[in-house]
Structure formats: C-alpha cells, structure tokens
Amino acid sequence: MNKVYPDAKAALDGLLHDNMTIAAGGFGLCGIPENLIAALHDSGVKSLTIVGNNAGVDGFGMGVLLPARQVKKVMASYVGENKEFERQVLSGELELELIPQGTLAERLRAGGAGIPGFYTRTGFGTKLTEEKETKKFGNKEYVLEPGITAELSIVKAWKGDKSGNLIYRKTSRNFNPMIATCGKVCVAEVEELVEIGELDPDQVHTPGIYVDRIIQGKEYEKRIEFRTVQGATVAKAGSGVRDLLAKRAAQELREGYYVNLGIGIPTLVANYIPEGMNVTLQSENGLLGIGPFPKPGEEDPDLINAGKQTITTMPGSAFFSSADSFGQIRGGHIDLAILGAFEVTDSGDIANWMIPGKMVKGPGGAMDLVAGVKRVVAVMEHTSKDGSPKILKQCTLPITGKGVVNLIITDLCVFEVKSGGGLVLIELHPNVTIDDVRSKTGAPFEIKLKAG
C-alpha cells in the first residue's frame with residue numbers, strides 16, 4: 001500500500017467535504033502542519049469543526065481559516081492572542097467549545113484508543129462542566145468527559161518513513177501523537193521523508209498503523225510566536241510589581257521540587273530560583289527541565305514553553321506528549337504551580353480564564369493544574385485597575401477551580417488560605433499597613449504576621 005503523496009493538495013484529495021470535523025496537531029505555532037493547513041484553506045471547504053489546542057494566530061496556522069469563513073465551530077483549550085478568533089466568538093459568529101488543555105489531550109487520546117469516556121477532577125464545579133455527568137470517587141467529585149474522534153487528522157512530524165512511522169522533535173510533539181490516532185483518516189507531513197527501515201524502531205513516536213497518507217513538506221516557515229532571548233527579556237520584565245511578585249513567589253520553591261509556572265508573571269519566577277537550589281520546571285506542552293531563554297540567534301522554533309516563548313533545556317531534561325504532561329499534572333506528580341489570577345476568594349476559589357463579554361482566552365492548562373498539583377500559589381495585583389478588590393468572598397468571574405489555592409501573593413501582602421476556608425495575613429510588603437490591606441480586600445482575614 002502506497003501511503004506517499006506528492007504534495008498536500010494530493011494528500012487531501014477525496015477526503016474533504018463541508019461540515020466535517022478535522023483535528024489538527026500543534027501548540028501555538030509549534031509543530032503545526034503548515035502545508036496541509038494551506039491546502040485546506042485553498043480547497044475552500046466550509047462549515048468545518050476544528051479540534052486542536054488553539055486556532056493559530058491572525059493570518060497564520062489554522063487562523064487563516066477564520067477570516068475565510070471556513071469554520072463554524074472550534075473545540076480548543078486556548079484562544080490566546082488570535083484577535084479574529086476572539087472577535088468571532090464574542091460576536092456570536094463562531095461556536096466555541098472550550099476544553100481544559102489536559103482534558104482535551106486525554107479526550108483525543110481516548111478517542112483514538114476506543115475509550116468512549118473517562119472521569120477527571122479537572123473542571124469540576126466550573127462553567128465548562130456544569131451540564132456534565134459527575135460521579136464521586138472517595139471524597140471527591142469527578143466529571144465524565146467523552147472521547148473525541150475526527151473524520152480527518154492532520155499532523156506534522158520531524159521525520160517519517162514511507163510506511164508512516166513518525167518521529168517528532170522537542171516540544172513540537174505536543175498534541176500531534178494523540179491527534180494522529182483520533183482520525184478515521186490521518187494525513188501527516190514531515191520535514192524529512194526517508195525509506196522504510198531508515199528510522200530506528202526504538203525512536204518512533206507514532207507507529208505507521210495510524211498514518212494513512214504522508215507527504216514531504218515544503219518551505220516550512222516555522223514561525224516563532226514569542227521570540228524571547230537572554231538579556232533583553234529579563235531587562236524588560238525586571239522591575240516594579242511584576243518583579244516584586246516573582247521574587248516573593250520564588251521563596252515558595254523547595255529543594256527537589258517539580259514546578260509548573262503559569263503564563264505571565266509566574267514565568268519570571270524562573271529568574272529568582274535561589275542559587276544552588278535544585279528545582280525542575282515543567283511545561284504542559286511537553287517538557288520537563290526548562291532552561292533559561294536562549295542567547296540571541298540560538299532560538300529554536302521546536303523548543304518553546306507553555307507561553308509560546310523560546311527556551312532552552314537543562315541537563316536531564318525530557319520531552320513528551322501533552323497527554324503525558326497532563327498525566328504528570330493530574331497524577332499529583334507536580335509539587336507546586338504558580339499561577340496568575342483575576343480573582344481569588346477566601347475559600348481558595350480562583351478565576352483566571354475569561355471575562356464574559358470582554359475577553360475569552362480559554363482555560364489552557366490552568367484547570368488541570370489547580371485540580372492536580374500538590375500546592376497552588378496565586379500571584380496578582382491586589383486590586384483591579386478601577387481599584388476594586390480582587391480578593392473576595394465569592395468570585396464574580398467564571399471560576400477555574402474551587403477551593404484549590406493555598407497561598408495568595410499580591411503587591412501589598414501575602415495571605416495563607418486555611419484548609420476549609422478563611423484567610424490569614426502572614427506578611428506585609430514594605431511601606432504597607434494592615435489598614436491598607438483591609439481597605440482593599442473584599443473578604444475578612446485573620447492576622448498572624450511573621451516576625452521580620
């Protein structure tokens with residue numbers, strides 16, 4: 001059986017029709033099937049349901065399908081910085097099913113493995129799962145999530161052979177392995193297509209049984225979403241409130257910890273790991289052992305973190321799929337997660353993924369993180385731009401998780417969240433008084449300031 005096709009257009013011939021479901025690999029712009037996306041766009045097929053972590057960016061990746069009005073629905077974990085995607089969702093022009101990132105990865109894996117559904121703690125009690133079946137295991141409630149299958153899967157790999165075996169490179173693996181399995185038909189594109197027998201069987205990530213058609217891709221742009229390098233990046237981020245919060249959050253690190261840092265301010269915590277402390281940073285797009293930003297000119301489009309920033313690895317680092325990454329998270333193998341927040345309550349509820357009617361970013365991996373890691377630290381400014389409190393008795397925004405936050409670090413102070421609910425003020429930042437904190441906090445709190 002010949003699986004090799006001359007180009008993307010030929011590989012998709014006879015497979016496309018209106019109103020079909022297509023799953024596409026990639027994370028941000030890393031590991032996306034550029035040639036197949038271009039051919040999909042050129043085909044003019046419409047009313048598509050697209051499944052993937054995100055829908056590219058404006059004008060690139062799966063984002064090219066949106067202004068062309070080829071998509072009716074997106075199933076994704078993150079809208080991100082795609083303005084047209086967000087605009088179409090807010091205006092009601094596009095249907096969006098937001099799915100926590102780890103749940104999405106596992107639903108795709110389950111679909112490809114013939115598993116109709118599974119229970120997960122992720123998302124319980126949130127807007128995203130309010131109509132789903134739940135079941136209690138032990139003393140916790142879990143949500144039933146269905147597997148996902150697609151009529152067509154399109155994926156991108158580094159190397160492949162003519163029997164369809166695939167090898168991915170670094171963090172470009174991400175969602176590709178699961179998406180390769182979930183389609184009735186899978187079409188793969190590779191940077192290097194070799195003869196059968198040239199790949200080491202021990203290095204194959206996706207066996208050829210899952211791949212129906214394969215092409216040698218051409219003229220890869222491999223665009224970098226956020227090019228970040230040493231020196232300039234640190235200087236840009238290294239002062240003010242963001243610096244204060246990152247420095248204080250770094251004090252929560254302990255020797256031997258496995259730590260996940262959220263997007264935004266939490267990523268700066270990596271700059272303040274105490275000298276000599278052994279801490280391993282995990283990124284949910286498939287990397288354990290995040291190193292510093294690369295030197296200028298050494299950026300690698302196949303090596304990014306969850307914030308789509310270019311990074312490096314450390315000695316002992318490991319790459320894996322997004323499904324494996326969230327297995328680490330849900331399985332309780334991550335010691336600490338440091339996340340940004342819009343709001344936090346005195347019972348540890350956190351909201352950090354959308355502002356209804358104004359902003360839809362998506363939960364990304366946050367819902368999985370707060371449900372699965374051993375300890376959660378929230379970092380944020382104490383008040384909103386209008387001066388309203390962000391620490392409340394009850395969240396006004398859709399929550400990310402219930403009763404999950406253990407510590408709150410703001411630009412005024414540090415609160416512990418007691419087991420069972422209630423805030424304890426344990427630290428004040430310099431030149432801040434208890435009255436300052438009390439006047440800007442929308443929930444009562446105890447005071448147990450630490451000496452010094």
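Based on the alpha-carbon gyration tensor of the chain and its eigenvalue square roots a ≥ b ≥ c, which shape applies: rounded if a/c is under 1.5, prolate if not and a/b is larger than b/c, or oblate? Prolate, since a/c reaches 1.5 and a/b exceeds b/c. For segment 288-426, the solvent-accessible area works out to 35 Å² per residue, with a probe of 1.4 Å and every protein chain left in place. Each helix, a run of at least 4 DSSP H residues, gives -39500 (n - 2.57); summed and divided by the residues of the chain, these come to -5000 deg cm²/dmol at 222 nm.
The heavy atoms of residue 202 offer some 130 square angstrom of accessible surface to a 1.4 angstrom probe.
Taking θ as phi - 60° and the Karplus parameters 6.51, -1.76 and 1.60, the scalar couplings of segment 93-101 work out to 7, 9, 7, 10, 10, 7, 10, x, 4 Hz in sequence order, x denoting glycine and proline. What you get for segment 171-215, charging only the Cβ of Lys and Arg (+1) and of Asp and Glu (-1), is a dipole of about 380 debye around the Cα centre.
Heavy-atom accessible area for residue 89, with the other protein chains in place and a 1.4 Å probe, reaches approximately 30 Å². Each of 302, 18, 435 has its accessible area taken with a 1.4 Å probe; listed largest first, they run 435, 18, 302. Taking every C-alpha pair closer than 8 Å and separated by at least 6 residues, the mean separation divided by the residue count of segment 1-142 gives a relative contact order of 16 percent. Could you please state how large a percent of the accessible area of the chain is carbon and sulfur, counting protein chains only and using a 1.4 Å probe? In the chain, the share of accessible area belonging to carbon and sulfur is 49 percent. Computed over the chain, relative contact order equals 14 percent, with contacts defined as Cα pairs under 8 Å that lie 6+ residues apart. Backbone amide hydrogens, once placed in the peptide plane, bring residue 71 within less than 5 Å of 47, 48, excluding anything fewer than 5 places away on its chain. The HN-Hα couplings worked out from phi for segment 211-219 by the Karplus form 6.51 cos²θ - 1.76 cosθ + 1.60 (θ = phi - 60°) are 9, 9, 9, 9, 9, 7, x, 10, 6 Hz, whole numbers, x standing for Gly and Pro.
The values are calculated or read from the model by the stated rules, or taken from the named source; none is laboratory data. Predicted model only: the values in this text are computed from it and were never measured. Using ideal geometry, Cβ is built from the backbone for each residue, glycine included, and neighbour counts are taken over all protein chains shown. The area values use the complete protein model at the heavy-atom level, side chains included, leaving out ligands, DNA and RNA. Shrake-Rupley method; radii C 1.70, N 1.55, O 1.52, S 1.80 Å.
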